[in-house]
Amino acid sequence: LIRGSGPTHLVLCHRAGMTELDTVGAAIRVPPLNEVIALYEDLAGACGTFTRPLTAGIALNTAHLDADDAARAVAQIQDETGRLVVDPVRDGADALVDALMRCTWPGPKKRNQCLAAPQKPNLSPVVCVFAWKNRLIWTE
């Protein structure tokens with residue numbers, strides 16, 4: 001799906017503290033997140049329809065952590081990756097939507113512009129749809 005959809009931008013989803021995938025019967029080490037991001041960007045760009053996509057941020061699942069540990073996990077992954085990190089359940093998805101909008105409107109931009117401070121472009125209404133726990137969440 002990731003290659004066939006030809007995305008121009010990505011949001012990486014990760015569970016805080018997860019170092020191994022253990023759902024396949026054998027423990028498989030999770031590489032550093034910047035390596036995971038590079039792999040996904042390479043794979044998504046393999047179809048050649050669009051340029052290699054950019055990862056606008058990381059959605060971090062911190063449900064198993066208390067508030068202080070969650071804040072530390074967000075800060076640690078932000079420091080490690082140099083990317084926006086948000087727990088969208090705890091803190092909402094607005095920052096991720098803003099990062100995607102900076103990256104995609106009014107057209108593809110360079111990586112450093114995606115990570116720059118938000119700008120308020122003159123936009124016609126834009127609707128983003130997020131699937132979260134089998135519910136669709138609409139934001140405008």
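Quick notes
- Considering residues of segment 29-48 that are over 17 Å from CYS13 (Cα atoms) and among the hydrophobic types (A, V, I, L, M, F, W, C) only, the residue modelled with the highest pLDDT: ALA46
- Matching entry among LYS120, LYS109, LYS133 (being modelled with pLDDT under 55, surrounded by 11 or more Cβ atoms within 10 Å (Cβ to Cβ) and of a type in the set (Lys, Arg)): LYS109
- Taking the criterion of being touching a residue at least 40 places away in the same chain (Cβ under 8 Å) and either aromatic (Phe, Trp, Tyr) or closer than 22 Å to VAL74 by Cα (or both), the residues of segment 31-54 that qualify are PRO32, LEU33, ASN34, ILE37, PHE50, LEU54.
- Scanning segment 5-43 for residues that are over 20 Å from ALA95 (Cβ atoms) and among the hydrophobic types (A, V, I, L, M, F, W, C) turns up MET18, LEU21, VAL24, ALA26, ALA27, ILE28, VAL30, VAL36, ALA38, LEU39, LEU43.
- Cβ-Cβ under 9 Å pairs, at least 6 apart or on other chains, segment 76-94 side on the phi > 0 side of the Ramachandran plot, far side assigned to a loop (DSSP other than H, G, I, E, B): GLY82/LEU115
- Close pairs (8 angstrom Cβ cut-off, 6 or more residues apart or separate chains): touching a residue at least 60 places away in the same chain (Cβ under 8 Å) and more than 19 Å from ASP79 (Cβ to Cβ) in segment 1-30, open to solvent by 80 Å² or more (accessible area, probe 1.4 Å) and part of a loop (DSSP other than H, G, I, E, B) anywhere: THR8/PHE50; THR8/THR51; THR8/PRO108
The values are calculated or read from the model by the stated rules, or taken from the named source; none is laboratory data. Quantities reported herein were computed from a predicted structural model and do not represent experimental measurements. Glycine gets a Cβ as well: all are built from the backbone with ideal geometry, and neighbour counts include every protein chain shown. Quick note on the areas: whole protein, heavy atoms, side chains included, nothing else; ligands and nucleic acids left out. Shrake-Rupley method; radii C 1.70, N 1.55, O 1.52, S 1.80 Å.
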